[in-house]
Amino acid sequence: MENNDNKSISTSGQGATPFAQTYFHGTKADLKVGDLIEVGFNSNYGQQKNVKYIFLTRTLDAAIWGAELAFGDGRERIYLVEPTGEIENDPDLTDKKFPGNPTQSYRSTKPFRVIGEVTVWQGHPAEQVKTMKEHLKKLKEQGINSLNDE
């Protein structure tokens, strides 16, 4: 790789770099760098039962939705996370409901390590969040639950 001075910049090729891949996790949980987000706790969404999966996304917009739609009274937060194991497409947002993976959302049974927090971001308009929450409430009333609850 070259910079503007035409000098070569090399990388060691050993392990990940801070810019290898960014993943986000939106929530209302108060976490610190180094904390692990793990399965087995109450979900931020849906039926609020102990979760089988935890979720992350490559897009800030999807993480913002995650924070805005999470249950609880805490402050909405967006964390930078790194998976500690394999991740797979989130079936709620991929081929079972939408073509492809437009939100670049993934799930895992392995923990995510918090590596930072996005402290400056702009949420969706209040009316849009209200509409989304009403839509999710209607789905729940109709007995339509997350594919991740199955």
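The values are calculated or read from the model by the stated rules, or taken from the named source; none is laboratory data. None of the values given here were measured: they were computed from a predicted structure. So basically every Cβ, Gly included, is an ideal-geometry build from the backbone, and we count neighbours across all protein chains shown.
Structure above, values below:
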quantity: Count - residues of the stretch 130-150 that are loosely packed, with under 12 Cβ neighbours inside 10 Å, modelled with pLDDT of 60 or more and within 23 Å of Tyr106 (Cβ to Cβ); calculated: 2
quantity: Close pairs (9 angstrom Cβ cut-off, 6 or more residues apart or separate chains): of a type in the set (Gly, Ala, Ser) in the stretch 121-133, surrounded by 10 or more Cβ atoms within 10 Å (Cβ to Cβ) anywhere; calculated: Gly123/Ile64; Gly123/Ala67; Gly123/Glu68; Gly123/Glu76; Gly123/Val129
quantity: Selection count, the stretch 22-38, where residues are exposed (fewer than 15 other Cβ atoms within 10 Å of the Cβ) and either at negative phi or at pLDDT below 80 (or both); calculated: 5
quantity: Residue in the stretch 54-67 that is more than 14 Å from the chain's Cα centre (by Cα) and at pLDDT 75 or above present; calculated: no
